[in-house]
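First up is the structure itself, then whatever we jot down about it.
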Amino acid sequence: MSFESIIGQERAIRLLTRMLLNDRLAHALLFTGIDGIGRQTTAKALAMALNCTNRVGVSACKVCRSCKKAISGNHPDLIIIKPDGAFIKIDQVRSLRNQLRFAPLEKGRRVIIINDAQTMKAEASNAILKILEEPPKDTHIILTTLQTMDLLPTIVSRCQHIAFRPLPVAKIADVLTARQGLDPDTATALAILAKGSLGKAQSADPKKWMPWRRHLLERIGSVPTDSIHALFVFADALARDKDKLEDALDVINIWFRDILMCKFHPEKILNTDLVDSIESASEELSVEELLKKITAVFAAQRAILRHVNPRLALEVMMMRLRGDLGALA
């Protein structure tokens with residue numbers, strides 16, 4: 001929980017450390033971005049730095065009494081609120097308001113971190129808004145969420161917004177190679193899966209994910225010669241594995257993207273461990289055919305986001321990948 005441990009968020013860290021150095025930290029901050037890119041770790045690092053009694057530059061020392069309490073999760077002035085089940089509920093905010101009636105217990109700064117603020121129900125959102133309108137003395141509130149549009153505009157307007165960006169594939173791959181000792185091809189494959197989230201990449205099990213990915217792409221390669229029944233069985237299997245469906249469609253989409261890229265910029269292929277297969281497929285498929293396949297996968301992804309029955313969306317995708325439905329939208 002130090003600023004130095006945050007990877008790939010130089011701009012956000014620069015803004016926050018400048019505020020700390022100038023003692024001009026806003027009373028309310030809004031950290032936006034996808035999961036696993038350092039929003040919550042940065043919020044904790046900021047809370048520790050604010051109350052550290054022996055800061056090293058702008059970062060917390062991690063050894064003083066205040067830091068040790070924060071690291072152990074026992075600092076009375078570091079309050080973390082997260083969803084209770086699927087939502088942050090009004091009772092949680094009411095409990096917070098009761099705590100805010102009193103001054104910080106350690107005589108320093110109180111920091112309230114509200115994680116996944118987009119899960120606040122309407123009553124909870126309105127209650128937080130009232131706190132932001134009349135912020136208590138020596139109190140800083142940090143909200144983390146995916147995007148500003150997930151919150152009430154009035155909440156957003158009362159916070160200083162700091163955006164956390166998805167990390168490049170190369171940056172994530174470098175971290176996985178250094179920290180987990182993965183070979184470059186495996187690290188890159190996991191980095192592609194993560195879509196900019198270092199946390200997601202680090203939590204993936206390469207021993208399980210790599211064989212799954214290879215099997216999926218082998219199965220996609222057989223689609224043009226499969227029977228209709230086999231295609232629908234494949235679609236059903238993908239639809240049933242809900243936890244991996246989004247990842248599966250991303251893997252398929254990037255696969256066709258690499259085959260297309262191989263025709264023009266082979267040095268930009270992402271699936272570096274599958275270059276031989278990509279080159280072979282690139283020789284067999286025309287640009288028009290590849291664009292139709294990419295369009296088919298995008299159409300399935302859009303349909304599922306619109307809550308179309310996943311099995312139906314995947315069956316249509318399979319038919320399009322086989323060429324039976326052309327590129328109809």
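Bear in mind that the values in this text are calculations on the coordinates, not laboratory data. Predicted model, so just to flag it, every value in this text is computed and none were measured. A quick note on method: Cβ atoms are made from the backbone with ideal geometry, for glycine too, and the neighbour counts reach across all protein chains shown.
Given the options Ala230, Pro136, Ala43, identify the residue whose Cα lies farthest towards the positive end of the charge dipole of the chain (+1 on Cβ of Lys, Arg; -1 on Cβ of Asp, Glu).
Checking the options against the dipole of the chain, the answer is Pro136.
Tilt of helix 10-21 relative to the longest C-alpha principal axis of the chain, in degrees (0 to 90, nearest 10)?
Orientation of helix 10-21: about 0 degrees from the principal axis.
Would you mind putting 268-279, 14-25 in packing order, based on average other-beta-carbon counts within 10 Å, highest first?
Result, highest mean first: 268-279, 14-25.
Any idea what the relative contact order of the stretch 161-274 is, in percent, if you count C-alpha pairs under 8 Å spaced at least 6 apart?
25 percent
Out of all DSSP beta bridges in the chain, what portion is antiparallel? Express it as a percent rounded to 5.
10 percent
Could I get the Rg over Rh figure for the chain? Both from C-alpha atoms, Rh via Kirkwood, rounded to two places.
With Rg and the Kirkwood Rh in hand, the quotient comes to 1.06.
Against the longest alpha carbon principal axis of the chain, how many degrees, from 0 to 90 and to the nearest 10, is the axis of helix 242-264 turned?
Between the helix axis and the principal axis of the chain, the angle is about 60 degrees.
By how many degrees, 0 to 90 and rounded to 10, does the Cα axis of helix 122-133 deviate from the longest principal axis of the chain?
That works out to roughly 50 degrees.
Just order 201-207, 33-39, 45-51, 110-116 by mean Cβ neighbour count inside 10 Å, highest at the front, would you?
45-51, 110-116, 33-39, 201-207
With an 8 Å Cα cut-off and a minimum separation of 6 or more residues, compute the relative contact order for the chain in percent.
Once normalised by length, the contact order is 16 percent.
Taking the Cα centroid of the stretch 1-45 and of the stretch 133-157, what is the distance between the two, rounded to the nearest whole Å?
15 Å
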